[in-house]
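*Asks:* Sharing a structure with you now.
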Amino acid sequence: MMRLNNIITLTFFYLFLGCSQTVAWGQTINGKIIDDKQLPIDGATIILQTMDSTYIGASISNADGIFVFKSQQKEYRLIIQHLLYETKQMVSKKNDAGIIQLQPKDYALDEVIIKAKRPFAKVENGLLGYNLAVLTQNQLVNNAYEALTKIPGVQEDRGILTLAGAGKLTVILNGKPTTMDAGQLETILRNTPVSRVEKAEVMYSAPPEYNVRGAAINIVLKHSNDYSFQGEISADYKNQYFNDGGMNGNFRLSTPQMAFDVMYGANNVKKMEYIDLDSKHTLKDELHHIIQNEQLRSKYWKHDLRVAFEYNFNNKNNINIAYTGSYTPDQHNNSRTSGNYQTSNVDKYVDNQMHNITLQYHSGFGLEIGGDYTHYTSNNNQRLYANYQDENQSSFSMVGGQKIDRYSIYADRKQSLPKGWNLGYGVSYRFAKDIDFQTYDKETGNIQTQNTYSNLREQTTSFYVSLSKNYTTGTSLSVSATGEYYTIGNYHKWAVYPQASLIYFKTPKHMFQLSLSTDKTYPSYWDMQSSVSYLNGYTELWGTPGLKPMTNYNLNGNYIWKQKYIFGLFFTHTSDYFTQAAYQSTDRLALIYKNTNWNYMQVWGVNIILPFEAGNWLDSRLTLVGMQMHQRCDNFFDIPFNRKKWVFSGTLDNTFKINKNLSFELMGNVQTPVIQGTFDIESIFNLTVGLRWNFANDNLSLSARCNDIFDTGMPATRVRFKGQNLNMNSGFYSRAFTLHFSYRFGGYKKKEVKKIDTSRFRY
């Protein structure tokens, strides 16, 4: 361990020493591209030449119409091109080329005028970027989160985002991963207007400088350098069996040199879930037919607070500090079960708190350093009462808790190499300590209980080197390797994660994308404990000491036609895959849920994304996915499995624009049956409708939506495998009606947000 710490210290010292050498960028040439209405033009190509027409470089204007060349010329020529505008040339000797206006290009034939449509996708700096404002201009979206779900290939299911052909999707903000759980990140993005997003960069294989592996979307927020006070307040009402809702507020005070952000949200959460279970449980050659209905209710208030301060020393150097807190006091979970085998009642009271502080410094010479600290506590007590058909009774009281302290630091460096190549390298270190305990009292009956105490220590050290090049044609290449040393308990492992991506840009109408990535997913701290939770007198939830992280290998290829039609092939192999599955015990009447490491989970298939329009009143998108799943586990209790199945799914998303301020949404999706270990999961169908009204110059908006109108979005599940016989109709009441109201003032603006990843905490 001492040797490892020395290596880390020396690595950081080298990074700082290397970064202390200033980079002379030289003088720049800059300007701004506008149209005939004085609006900025995004995506114009600017070619820089000497006066004898020698090529020097090329640039692309951003969302504000700005372009920059890191070059110094006594006299130069600029050629400005855009599909929607007439090509323009100009000659200048000034460093500031000024404001350059382009004239629209019309294509006329026999008095019929056809105007080109502004594309919503383009390749820039080797990344596939989407202009969310253009992508969603005719769609029913209220915020940045809803806009994300409209990106081709992106799918959302109960707050979890996935990318077709790539699986799990990580969202990062302004080039850095969030440190927030999925719910907190969703809250932030739902309170960020689409107008505040400059672009969304889709990466099927994220380069290592983003500090994530696998598929990712980088949300780039617009920067403001003015004196302003802006904000947004919103309120929500939802009916999903229960009535609940909440309010959120975001405020930003900014000057050219500093900014102060505050976000607070309070939400009253009420949930109702159910499990209808029909178990034919064979024990000692005797069949026990167990039928039961379980209703699970949760009620609590959730409070989220974020306070952030940023200071710009100059245009290239800035520091950011942020505090993020999440509080869920007095959460009450109740489970009531009735049936022919047992009736039971379980009450659980939980108090969760999470505090995080993050510090980040970005220099003008390619150095970025930062760190954060997270403190999480969860205290709970549980009472169970069970009455069995044979008139026996069981009961207990349990007190438990969890405490997590996590520290992380990182340093990244970028620098330019000759011939247009770029070198990146960095190092990071993370340490986490998890203390968990369960103590039982007042036990009666023959229910199995065991007091547990664990003290897990987890360390992760990683370093990477990357090499990339962006060609003037639009083609880009990126290769990297990340080394990682991971230890938790008695588990130690070195691993290397290669990554490569290629974008071949033949013409704006024809783009090819190929990516290879590796990724690792770690189990939650709770899943690795030896504790047992009782859902009722028959169903148990087990932890799995020694549960190993799973490693994912992903190969993805896409052909993008006309910057919007996508045809893709994908292959994914995940070793040590784990997921929770049910098992009918062979030594007693108990249904056990437990995470187990499988040999592998393997998927290959094809995805097709087809957008289409009808005038200005219809905007539609059809997504089709077909794939083969192969799952194998040789050590799943005493019933190993090796199963394959073809799965098909389709989603049709339609937005009807009634007038300038009123839109109607109709979305449906269907999925054929799938497998999950020993589970057979039936097909599902979901239909969603929505309506949005913007008024008061778009400062006020009111929307209504009904998700899963026919309440068919939750599939039934069954097990018919090696003597296991189980039918489950489980899930939540998926039909939900929501109302959303928001008011924006001052034009809401927000800069980089860094958040807390609690995906492995027990929220």
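*Asks:* May I ask you to list the residues in the stretch 534-544 that are surrounded by fewer than 18 Cβ atoms within 10 Å (Cβ to Cβ) and among the hydroxyl-bearing types (S, T, Y)?
*Replies:* Once the filter is applied, which keeps residues that are surrounded by fewer than 18 Cβ atoms within 10 Å (Cβ to Cβ) and among the hydroxyl-bearing types (S, T, Y), the stretch 534-544 yields only T544.
*Asks:* If you don't mind, there's one more thing I want to ask. Exactly one condition in (1) farther than 29 Å from E273 by Cβ; (2) assigned to a strand (DSSP E or B); (3) in contact (Cβ under 8 Å) with a residue 60 or more places away in the chain; (4) within 24 Å of the chain's Cα centre (by Cα) is false for F505; which is it?
*Replies:* Looking at each condition in turn, F505 falls short on (4).
*Asks:* Going by what's in this entry, would S701 be described as within 30 Å of F309 (Cα to Cα), out of contact with any Asp or Glu (no Cβ under 9 Å at 6 or more places or on another chain), at pLDDT below 90 and surrounded by 18 or more Cβ atoms within 10 Å (Cβ to Cβ)? Spell out the reasoning first.
*Replies:* On the way: within 30 Å of F309 (Cα to Cα): yes; out of contact with any Asp or Glu (no Cβ under 9 Å at 6 or more places or on another chain): yes; at pLDDT below 90: yes; surrounded by 18 or more Cβ atoms within 10 Å (Cβ to Cβ): yes.
Yes; evaluated as a whole, the condition is true for this residue.
*Asks:* Do we find that S517 is buried (at least 17 other Cβ atoms within 10 Å of the Cβ) and over 27 Å from the mean Cα position of the chain (by Cα) in this structure?
*Replies:* Values: buried (at least 17 other Cβ atoms within 10 Å of the Cβ): yes; over 27 Å from the mean Cα position of the chain (by Cα): no.
When the stated conditions are applied, S517 does not pass them.
*Asks:* Another one. In the stretch 376-410, how many residues are within 19 Å of N356 (Cα to Cα) and either buried (at least 19 other Cβ atoms within 10 Å of the Cβ) or not assigned by TED's automatic domain parsing to the domain that holds T439 (or both)? If you could, list the steps in order and put the result at the bottom.
*Replies:* Going residue by residue through the stretch 376-410, those that are within 19 Å of N356 (Cα to Cα) are 376-379, 402-410.
Subset that is either buried (at least 19 other Cβ atoms within 10 Å of the Cβ) or not assigned by TED's automatic domain parsing to the domain that holds T439 (or both): 376, 378, 402, 404, 406, 408, 410.
Total satisfying the criteria: 7.
*Asks:* Something else: Could you list, ordered by first residue, the pairs with Cβ atoms under 6 Å in which the first is in the stretch 41-66 and under 28 Å from L132 (Cβ atoms) and without any contact (Cβ under 8 Å) to a residue 60 or more places away in the chain and the second is crowded, with 16+ Cβ neighbours inside 10 Å and among the polar types (S, T, N, Q), at least 6 apart or interchain?
*Replies:* Within 6 Å, the pairs are A44/S61; I46/S59.
*Asks:* Inspect the stretch 587-598 for any residue being in contact with a helix residue (DSSP H, G or I) (Cβ under 7 Å, 6 or more places away or on another chain) and either in the same structural domain as K284 (by TED's automatic domain parsing) or among the aliphatic types (A, V, I, L, M) (or both) and give the result as yes or no. Break it down into steps so the answer makes sense when it comes.
*Replies:* As a first pass, look at the stretch 587-598 and keep what is in contact with a helix residue (DSSP H, G or I) (Cβ under 7 Å, 6 or more places away or on another chain): 595.
Restricting the remaining residues to those that are either in the same structural domain as K284 (by TED's automatic domain parsing) or among the aliphatic types (A, V, I, L, M) (or both) gives 595.
Checked the stretch 587-598: at least one residue is in contact with a helix residue (DSSP H, G or I) (Cβ under 7 Å, 6 or more places away or on another chain) and either in the same structural domain as K284 (by TED's automatic domain parsing) or among the aliphatic types (A, V, I, L, M) (or both).
*Asks:* Here are E458, E484: which of them is closer than 16 Å to A206 by Cβ and acidic (D, E)?
*Replies:* Details: E458 fails: closer than 16 Å to A206 by Cβ.
Being closer than 16 Å to A206 by Cβ and acidic (D, E) holds for just one of E458, E484, which is E484.
*Asks:* Please work out if S335 is of a type in the set (G, A, S), within 16 Å of L535 (Cα to Cα) and at pLDDT below 95.
*Replies:* On the way: of a type in the set (G, A, S): yes; within 16 Å of L535 (Cα to Cα): yes; at pLDDT below 95: yes.
It is true that S335 is of a type in the set (G, A, S), within 16 Å of L535 (Cα to Cα) and at pLDDT below 95.
*Asks:* Another question about this same structure. Name every residue in the stretch 159-173 that is at pLDDT below 70 and under 19 Å from G557 (Cβ atoms), in order of residue number.
*Replies:* Of the stretch 159-173, the ones at pLDDT below 70 are 159, 165-167.
Hits for the stretch 159-173 are G165, A166, G167.
*Asks:* Turning to a different aspect of this structure: If you take the residues in the stretch 428-449 that are farther than 18 Å from N387 by Cα and basic (K, R), which one is surrounded by the most Cβ atoms within 10 Å (Cβ to Cβ)?
*Replies:* Result: R430.
*Asks:* Suppose we keep only residues that are in contact with a Pro (Cβ under 8 Å, 6 or more places away or on another chain) and surrounded by 14 or more Cβ atoms within 10 Å (Cβ to Cβ) within the stretch 26-61. Which one would you say is farthest from G98 (Cα to Cα)?
*Replies:* Here is the first cut: in the stretch 26-61, the ones in contact with a Pro (Cβ under 8 Å, 6 or more places away or on another chain) are 32-36, 43, 61.
In the following step, the residues that additionally are surrounded by 14 or more Cβ atoms within 10 Å (Cβ to Cβ) were identified as 32-35, 43, 61.
Numbers: K32: 6, I33: 9, I34: 11, D35: 14, G43: 17, S61: 13 Å.
Restricting to residues being in contact with a Pro (Cβ under 8 Å, 6 or more places away or on another chain) and surrounded by 14 or more Cβ atoms within 10 Å (Cβ to Cβ), the top hit is G43.
*Asks:* Being touching a Gly at 6+ places or on another chain (Cβ under 7 Å), without any contact (Cβ under 8 Å) to a residue 40 or more places away in the chain, among the aromatic types (F, W, Y) and within 29 Å of S408 (Cβ to Cβ) narrows it down to one residue among Y210, Y264; which is it? Quick ask: steps written out before the conclusion?
*Replies:* Numbers: Y264 fails: without any contact (Cβ under 8 Å) to a residue 40 or more places away in the chain.
Exactly one residue qualifies, and that residue is Y210.
*Asks:* Among the residues that make up the stretch 450-459, is at least one of them in a loop (DSSP other than H, G, I, E, B) and surrounded by fewer than 18 Cβ atoms within 10 Å (Cβ to Cβ)?
*Replies:* Within the stretch 450-459, the first condition is being in a loop (DSSP other than H, G, I, E, B), and the residues that meet it are 450-451.
Filter once more, so that each one left must be surrounded by fewer than 18 Cβ atoms within 10 Å (Cβ to Cβ): 450-451.
Yes, the conditions are met somewhere in the stretch 450-459.
*Asks:* Out of F313, F309, F229, report the one residue that is touching a residue at least 60 places away in the same chain (Cβ under 8 Å), over 30 Å from Y583 (Cα atoms) and among the aromatic types (F, W, Y). Explain how you work it out, then say what you get.
*Replies:* Values: F313 fails: touching a residue at least 60 places away in the same chain (Cβ under 8 Å); F309 fails: touching a residue at least 60 places away in the same chain (Cβ under 8 Å).
The match here is F229.
The rows are residues; the columns are (1) in contact with a Leu (Cβ under 7 Å, 6 or more places away or on another chain); (2) farther than 27 Å from G245 by Cα; (3) at pLDDT 90 or above; (4) not β-branched (V, I, T).
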site: V670; (1), (2), (3), (4): no, yes, yes, no
site: Q676; (1), (2), (3), (4): no, yes, yes, yes
site: A696; (1), (2), (3), (4): no, no, no, yes
site: T712; (1), (2), (3), (4): no, no, no, no
site: L739; (1), (2), (3), (4): no, no, yes, yes
site: F761; (1), (2), (3), (4): no, no, no, yes
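One line per residue, one yes/no per condition, for (1) crowded, with 17+ Cβ neighbours inside 10 Å; (2) at pLDDT 95 or above; (3) part of a strand (DSSP E or B); (4) not basic (K, R):
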position	(1), (2), (3), (4)
G546	no, no, no, yes
T551	yes, no, yes, yes
Y559	no, no, yes, yes
L569	no, no, yes, yes
A582	yes, no, yes, yes
P611	yes, no, yes, yes
N616	no, no, no, yes
D619	yes, no, yes, yes
L622	no, no, yes, yes
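*Asks:* Please go through the stretch 460-475 and pick out each residue that is of a type outside the set (G, A, S), crowded, with 17+ Cβ neighbours inside 10 Å and free of Cβ contacts under 8 Å to residues at least 40 places away in the same chain.
*Replies:* Within the stretch 460-475, T460, T475 meet the criteria.
*Asks:* Looking at N333, N340, N318, N314, can you tell me which residue is of a type in the set (S, T, N, Q) and in contact with a Ser or Thr (Cβ under 8 Å, 6 or more places away or on another chain)? Spell out the reasoning first.
*Replies:* Values: N340 fails: in contact with a Ser or Thr (Cβ under 8 Å, 6 or more places away or on another chain); N318 fails: in contact with a Ser or Thr (Cβ under 8 Å, 6 or more places away or on another chain); N314 fails: in contact with a Ser or Thr (Cβ under 8 Å, 6 or more places away or on another chain).
Result: N333 is the single residue among N333, N340, N318, N314 that is of a type in the set (S, T, N, Q) and in contact with a Ser or Thr (Cβ under 8 Å, 6 or more places away or on another chain).
The values are calculated or read from the model by the stated rules, or taken from the named source; none is laboratory data. Treat the numbers as computed from the prediction; the structure is a model and nothing was measured. Glycine also receives a Cβ, built like all others from the backbone with ideal geometry; neighbour counts cover every protein chain displayed.
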